[in-house]
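See below for the structure under consideration.
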Amino acid sequence: MSDFCTLQEFTAAPRAANTLRLLSFNIQVGIQTAAYHHYLLRSWQHLLPSRNRDAALQHIAQLVSHFDLVALQEADAGSWRSRQQNQVARLAAEAGFPHWYQQVNRNLGQFAQHSNGVLTRLPAVQVEQFQLPGLLPGRGLMLLTFGEGNDALTVAITHLALGKRTQFGQLEFLCEKVRHAKHLVIMGDLNQEAEILLRHSPLQHLNLHPLTARATYPSWRPQRGLDHILLSDSIALQRIAVIDHPLSDHLPVAAEIILPGLSG
């Protein structure tokens with residue numbers, strides 16, 4: 001069971017030197033949504049630049065700076081609405097991450113550059129990018145490998161489609177790509193509840209921790225657990241929590257793990 005806590009509560013606890021703090025966050029391109037009517041009133045921010053977006057990104061940078069590896073969904077790679085700023089690169093610079101990686105999934109030219117992103121304090125040995133199957137294009141999967149040999153850590157970062165049937169097809173694709181991974185982390189907005197993902201989707205064939213996640217959406221009154229950090233049972237989990245830090249329409253999910261090879 002995951003906890004529900006503030007950022008201060010999560011980061012205040014002492015940590016061992018061999019742990020890794022993870023965060024997954026759908027940042028909604030820096031749009032601060034705090035009620036359903038904001039989807040209508042602030043919809044223009046999906047197309048046009050906004051001063052409020054700059055302030056939101058500053059707050060997001062402060063949030064992610066407390067973590068070692070951050071998976072971002074719904075980031076913009078540099079278009080009119082973001083004033084040509086690559087949001088992943090900006091967050092990496094402001095939060096002090098030496099390494100960042102990005103995947104543009106839906107390229108609308110100067111209007112929008114929908115992306116997944118990764119901020120990390122550890123360099124990846126390998127980064128792979130794939131387009132996920134589906135009737136509508138625009139969903140992607142990033143696979144990052146950290147370390148080598150028997151202790152290598154594979155991190156899969158994605159943002160799945162809304163429809164269950166398409167989700168399951170995308171998860172079948174993901175499972176095929178990670179079938180040889182011994183130590184696996186799956187992070188992202190999976191648009192589905194943990195119960196269905198772990199017991200009824202293709203993920204049931206992976207050896208994942210049986211987690212029951214708390215709700216992350218909508219951020220102002222969480223009712224559905226759509227955002228996840230899923231771990232293979234070979235990874236020692238210290239704790240996992242939904243962070244009560246509403247900066248978009250989703251709440252971020254955080255976890256602290258012990259790196260492979262150091263849990264003995």
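The values are calculated or read from the model by the stated rules, or taken from the named source; none is laboratory data. Treat the numbers as computed from the prediction; the structure is a model and nothing was measured. Every residue, glycine as well, gets a Cβ built from its backbone with ideal geometry; the counts of neighbours run over all protein chains shown. The protein model used for the area step is the full one, side chains on, heavy atoms only, and it has no ligands, DNA or RNA in it. Shrake-Rupley method; radii C 1.70, N 1.55, O 1.52, S 1.80 Å.
For region 186-229, which positions are touching a helix residue (DSSP H, G or I) at 6+ places or on another chain (Cβ under 7 Å) and under 22 Å from residue 117 (Cα atoms)?
Matches in region 186-229: 190, 191, 192, 225, 228.
Would you pick out the residues in region 115-131 that are within 19 Å of residue 76 (Cα to Cα) and open to solvent by 10 Å² or more (accessible area, probe 1.4 Å)?
Listed by number, the residues that qualify are 129, 130, 131.
Of all residues in region 210-228, which are closer than 18 Å to residue 6 by Cβ and not small (Gly, Ala, Ser)?
Listed by number, the residues that qualify are 214, 216, 220, 221, 222, 227.
Inside region 201-221, can you point out the residues that are surrounded by fewer than 21 Cβ atoms within 10 Å (Cβ to Cβ) and assigned to a helix (DSSP H, G or I)?
Within region 201-221, 202, 204, 205 meet the criteria.
One line per residue, one yes/no per condition, for (1) buried (at least 21 other Cβ atoms within 10 Å of the Cβ); (2) under 18 Å from the mean Cα position of the chain (by Cα):
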position: 199; (1), (2): no, no
position: 223; (1), (2): no, no
position: 230; (1), (2): yes, yes
position: 239; (1), (2): no, yes
position: 244; (1), (2): no, yes
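Under 6 Å between Cβ atoms, which residue pairs at least 6 apart in sequence (or on different chains) link something in region 182-210 that is β-branched (Val, Ile, Thr) with a partner that is buried (at least 16 other Cβ atoms within 10 Å of the Cβ)?
These pairs meet every condition: 185/155; 185/231; 186/156; 186/230.
What's the number of the condition residue 134 fails, among (1) surrounded by fewer than 19 Cβ atoms within 10 Å (Cβ to Cβ); (2) under 16 Å from residue 25 (Cα atoms)?
All conditions pass for residue 134, except number (2).
So, of the residues in region 59-89 that are surrounded by fewer than 18 Cβ atoms within 10 Å (Cβ to Cβ) and in a helix (DSSP H, G or I), which turns out to be farthest from the chain's Cα centre (by Cα)?
80
Would you check if there is a residue in region 226-249 being out of contact with any strand residue (DSSP E or B) (no Cβ under 9 Å at 6 or more places or on another chain) and part of a helix (DSSP H, G or I)?
No, region 226-249 contains no residue that is out of contact with any strand residue (DSSP E or B) (no Cβ under 9 Å at 6 or more places or on another chain) and part of a helix (DSSP H, G or I).
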